[in-house]
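Enquirer: Before I ask anything, let me first share the structure, which is written out below as structure tokens.
The values are calculated or read from the model by the stated rules, or taken from the named source; none is laboratory data. Just so you know, these numbers come straight off a predicted model, no measurement behind them. SASA here: full protein model, heavy atoms, side chains in, ligands and nucleic acids out. Shrake-Rupley method; radii C 1.70, N 1.55, O 1.52, S 1.80 Å.
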Amino acid sequence: MIKKAVQDAINEQITKEFYSSYLYLSMAAYYHELNLDGFANWMHVQVQEENFHAMKFFDYLLSRDGEIKLNSIDAPPQKWSSPLEAFEEAYKHEQKVTASINNLADVALKEGDHATTILLQWFITEQVEEESNVKRVVELLKMTGGTGPGLFMIDNELKTRVFTPPAATA
């Protein structure tokens, strides 16, 4: 049986992962409105990743005989002033998610929940990749000024991103 403090923290993280999905879906809609299909694709893939993360926590909590408590999800922003601003927000959001997962790891360690600590190692590693991927796009947008031919080159590159579910783990 999973300890209540860990269960509560995982339920909170599930909500945060679904909010992340919602945020990126909103960003995908924003990019579609701008006819930036590559940017929209990148965000659609991110939606799939965030849903995968939420379900990984969900399934894990069930496997530990935990109680699932789904909370309401806040509405995300709908508009941004530029493609760069949206990606900068995505980067800040990923930093918040990293902090949240680190806090969850602290709770698991404090409670002596070694199984959850092992699970969280995957998420900690994943967050390093998540932040790096988003920051790369932010830096590319800054280098090109976020307009003109540079913007369209980035858009074409982002069209190639696909979701590949990780191999089954804990």
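Enquirer: Of all accessible surface on the range 34-170 at a 1.4 Å probe, what whole percent is carbon and sulfur? Intermediate results must be reported in sequence, preceding the final value.
Expert: Working: 4200 of 7410 Å².
Accessible surface attributable to carbon and sulfur in the range 34-170 totals 57 percent.
Enquirer: Of the candidates 100, 63, 81, which one comes out as most mobile in a Gaussian network treatment of the chain with C-alpha springs shorter than 10 Å?
Expert: Greatest mean-square fluctuation among the candidates belongs to 81.
Enquirer: Per residue, how big is the convex hull around the C-alpha atoms of the range 108-170? Give it to me in cubic angstrom, could you?
Expert: Details: hull volume 5.2 nm³, N = 63.
Residue-normalised Cα hull volume stands at 83 Å³.
Enquirer: Here is a further query. With N set to the residue count of the chain, report its C-alpha Rg divided by 2.2 N^0.38 Å to two decimal places.
Expert: Rounded to two decimals, the normalised Rg is 1.10.
Enquirer: Give me the 1.4 Å probe accessible area per residue for the range 51-166, excluding ligands and nucleic acids, in Å².
Expert: 56
Enquirer: Per 5 Å bin from zero, what fraction in whole % of the C-alpha pairs of the range 36-133 is there, up to the bin with the longest pair?
Expert: That works out to 3, 10, 17, 24, 19, 13, 8, 4, 2, 0, in percent per bin.
Enquirer: What length, rounded to one decimal in nm, is gained on full extension from residue 92 through to residue 73, with 0.36 nm per residue of separation minus their alpha-carbon distance?
Expert: Gain in length upon complete extension: 5.0 nm.
Enquirer: Can you tell me the orientation of helix 114-144 relative to the chain, as the angle in degrees between its alpha-carbon axis and the longest Cα principal axis, to the nearest 10?
Expert: 10
Enquirer: Further question on the same structure: Stokes-Einstein D for the range 72-126 at 10 °C, 1.306 mPa s, Kirkwood Rh over Cα pairs, in µm²/s?
Expert: Stokes-Einstein gives a translational diffusion coefficient of 121 µm²/s.
Enquirer: Also, I was wondering about something else. By how many degrees, 0 to 90 and rounded to 10, does the Cα axis of helix 4-33 deviate from the longest principal axis of the chain?
Expert: Between the helix axis and the principal axis of the chain, the angle is about 10 degrees.
Enquirer: Report, in degrees rounded to the nearest 10, the 0 to 90 angle that the Cα long axis of helix 148-158 makes with the longest principal axis of the chain.
Expert: Its long axis makes an angle of about 40 degrees.
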